Ligand SMILES: Nc1ncnc2c1ncn2[C@@H]1O[C@H](COP(=O)(O)OP(=O)(O)OP(=O)(O)O)[C@@H](O)[C@H]1O
Ligand SMILES: [Mg+2]
């Protein structure tokens, strides 16, 4: 059974059909690419998958469960986590605490336990600190655990966003142009980290990218979107040679 199964997904904003009949099937453990020019509808698909927008049409299934029309919180609980095209961190909070925010949906204590600092509070806090540090190590951010997120260099803030998303222990991770604004070295390092995450956390990932070469380097399968519609879909090496795809990218 596919981890993500999307059928005939569509959304209409006034006269604009920003996503029009989108289908995809992503197997567990796959690193799948979603590419397309500016305004193609990529981020809108993420907003539909995470409940930010309700689809006009279509069905979304996560690991066999129909999650169509659920809200953002329900969808996160069901197992989808995402990063945003524009970084959304708690910049005035330490790096470690940014990751702990993600852990709160699994480790919790009652408000009373928190206020009275009952033994369970210390136990849960210790567990969360350990788990957060473990995730930060994967991203080579453990030495900056007590740095304010806003003081990290840009490339590391991007990595921290992924770390926070992973902390919710998702079944499916959605990354919206995670390499945007990075220099080539940072991009290469990020791609290595994404590959590592795939294996280490047994993750299923849908990766939005602008850069065809970048997607070609790490995703076996890809969907190319243009004007809200699927232009090509399938094995990356074949899709990227498709004349329709090459034409859509001319002038980029
Ligand atoms: N809430 C909204 N209301 C109206 N139109 C919207 C809304 N959200 C997105 N759109 C439009 O839908 C289209 C697709 O936008 P989207 O942000 O999904 O593109 P994208 O593929 O992510 O582009 P980019 O590569 O620039 O990030 C655009 O024409 C955009 O203006
Ligand atoms: Mg976008």
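Read-outs throughout are calculated quantities, based only on the coordinates presented, and are distinct from any laboratory measurement. Remember, predicted model here, so these are calculated numbers, not experimental data. Backbone-built Cβ (ideal geometry, glycine too); neighbour counts: all protein chains shown.
Here is how the numbers come out for the structure above:
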| read-out | value |
| --- | --- |
| Proxy reagent accessibility, fewest Cβ within 10 Å first, across 3, 212 | 212, 3 |
| Percentage relative contact order, the chain, counting C-alpha pairs under 8 Å, at least six apart | 28 percent |
| Residue 130/residue 84 FRET efficiency (R0 30 Å; Cβ-Cβ; nearest 0.05) | 0.65 |
| Descending principal axes extents, the range 159-209, alpha-carbon based, whole Å | 29, 18, 17 |
| DSSP bridge orientation in the chain - percent antiparallel, rounded to nearest 5 | 55 percent |
| Theoretical gain in end-to-end length, residue 113 to residue 211 [0.36 nm per residue, Cα-Cα removed] | 30.4 nm |
| Angle in degrees between helix 184-200 and the longest Cα principal axis of the chain, rounded to the nearest 10 | 70 degrees |
| Separation in nanometres of the label points that stand 7 Å from Cα toward Cβ, at residue 72 and residue 151 | 2.8 nm |
| More than 12 angstrom apart: percent of Cα pairs within the range 1-60 | 68 percent |
| Estimated [θ] at 222 nm from DSSP helical runs (n ≥ 4, -39500 (n - 2.57)) normalised by residues in the chain, nearest 500 | -11500 deg cm²/dmol |
| Three-way shape label, the range 34-172, alpha-carbon gyration tensor, a/c 1.5 | oblate |
| The range 90-168 pair-distance distribution - Cα-Cα, 10 Å bins, rounded % | 20, 49, 25, 6 |
| Radius, Kirkwood style, for the chain when every pair of distinct Cα atoms is counted (Å) | 19.0 Å |
| Contour excess over end-to-end distance, with Cα ends at residue 8 and residue 92 and 0.36 nm allotted per residue | 26.1 nm |
| Cα centroid of the range 1-71 to Cα centroid of the range 159-192, whole Å | 20 Å |
| Using alpha-carbon coordinates, inclination of helix 154-167 to the longest axis of the chain, degrees | 80 degrees |
